[in-house]
1. Looking at the chain as a GNM with Cα springs under 10 Å, which of His299, His322, His54 has the largest mean-square fluctuation?
2. Below 8 Å between Cα atoms, with a sequence gap of 6+, how large is the relative contact order for the chain in percent?
3. Taking the Cα-to-Cβ direction at Lys261 and at Leu53 and moving 7 Å from each Cα, how far apart do the two end points lie in nm?
4. Looking at Val150, Ile94, Gly248, which one has the Cα that reaches farthest to the positive end of the dipole of region 75-352 (charges on Cβ: Lys, Arg +1; Asp, Glu -1)?
5. What GluC sites (Glu not before Pro) does region 317-392 have in DSSP loop regions with at most 11 other beta carbons within 10 Å?
6. For the chain, with a Gaussian network of springs between Cα atoms less than 10 Å apart, report the residue from Asn304, Asn147, Asn262 with the top mean-square fluctuation.
7. Under unit Cβ charges (Lys, Arg +1; Asp, Glu -1), what dipole magnitude, rounded to 20 debye, does the chain have relative to its Cα centre?
8. Considering only Cα-Cα distances, which of the following residue pairs are longer than 24 Å: Lys133/Lys314; Lys19/Lys62; Lys133/Lys253; Lys32/Lys385?
Amino acid sequence: MEPAPKINFNNTQIAFSGKSNKELKWEYWLFKLMNNPGRTKFFTSAANLSIKLHLPVKWMIKNTVYEQFCGGETLEETIPVLNKLEKFSIGAIIDYGVEGKENEEEFERTKNELINILQFAKGKKNIPFISCKVTGLTRFVLLEKINGDVVLSEDEEKEKQKLYERLRQVTQVATDANVGLFVDAEESWIQDAIDEIVFILSREFNKEKVVVFHTAQMYRHDRLAFCSKCLNDAKQHNYVCGIKLVRGAYMEKERKRAAEKNYASPIQPDKESTDKDYDAAIDFCLDNLEKISFCVATHNEKSNLHAATEMDKKYIPHNHPHISFSQLYGMSDQITYNLAKAGYNVSKYLPYGPVKDVIPYLIRRANENTSVSGQMSRELLLIDKEMKRRKV
Ligand SMILES: Cc1cc2nc3c(=O)[nH]c(=O)nc-3n(C[C@H](O)[C@H](O)[C@H](O)COP(=O)(O)OP(=O)(O)OC[C@H]3O[C@@H](n4cnc5c(N)ncnc54)[C@H](O)[C@@H]3O)c2cc1C
């Protein structure tokens, strides 16, 4: 029989212990606003257009969704958020949230910003990891070519070497700063190229401690096999591999492209299969903890509970250095705060950057929190429950 879980994600008192009544009411208003799909669609299109037309909407965005989901426009601006999380034993995975850049100057700027974050994080226990996107460091089309084994021109070969050099520099600084580097997973048609770079970096940098982490998107039906591949590579080359487990953020795009180009979709047939593989990946990592360090990066309560319960069953300490949990800043506090209270290693994924550059990220968050069925979203239900408990 399964032991009774020691953790309860319905405890809204712990979940919202970091929020005053005023903050709670504000959050209720914001999630209520996002709950309506028509309204969310209107506001996200209007925000996109206004930014493009340079209309003065920055103030409005900054004081609403930006405030909820981002740490600040600069690294320094994230400090109050970091301090507040630290008070509740919650760390941060800092992410430079700027997306969709396309030239060498911008790639260098992103690399320098990553190095800057690592230097900022050095010696701060509450910033155990930072995250990076390979598409922030090179052109998407180049990754597509590398992925497809296309013969590169001389210039493209140089670009590829520059990308490798940038990532080596960043990983070296991460090693010196004793901070982990999560490499995000992206579209499947560039993912082999990303995985290959992470294998190369892991073999070089993960010998003494785990610095660099793959991301496995379990909505792909081949990712359990990929986790085995990571383990075998670690055994063969004598290092400990890092894996961040996610479900995956590009499902519709993946399915659409597969249908258009007439190839078999890499995505699982249904949500149940994704959920099954996600939890199986947790089990796989727990069974190979000597050789794998992993992060349960999900808002799914069942998966978080599964990991926490299995750890207890196996007598694995909650603060085991090879296991961490993470949720996005501004979402699923009932998971983060309750895990932290129970002594697990848990962090919020905290993006920062200029308002206009993080709009795509904010739009994804707004869409995620809208209700398709007309019911209250999970976040809204929990806030509502806590407001009733506090009688505010
Ligand atoms: C800390 C952190 C880091 C992240 N990093 C990345 C990253 O590097 N790359 C990335 O792609 N995403 C990343 N994500 C986002 C993640 O992949 C999910 O999109 C998001 O977290 C929602 O999934 P869930 O596990 O939280 O919750 P759930 O709500 O339980 O699951 C929703 C997810 O299930 C899957 N799904 C939904 N319907 C179906 C269906 N019909 N068939 C098959 N699968 C389905 C989709 O992946 C969907 O996003 C990250 C998330 C977190 C919290």
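1. Among His299, His322, His54, the largest mean-square fluctuation in the Gaussian network model of the chain belongs to His54.
2. Worked out over the chain, it gives 27 percent.
3. Output for this residue pair reads 3.6 nm.
4. Value: Ile94.
5. Within region 317-392, no GluC sites (Glu not before Pro) qualify (loop, at most 11 other Cβ atoms within 10 Å).
6. Asn262
7. With Lys and Arg at +1 and Asp and Glu at -1, about 1640 debye.
8. Table pairs above 24 Å Cα-Cα are Lys133/Lys314.
Quick note: the coordinates plus some simple rules give every number you see, no bench work behind them. What you see is a predicted model, and the numbers here were worked out from it, not measured in a lab. For neighbour counting, all protein chains shown are included, and Cβ atoms are generated from backbone atoms with ideal geometry for every residue, glycine included.
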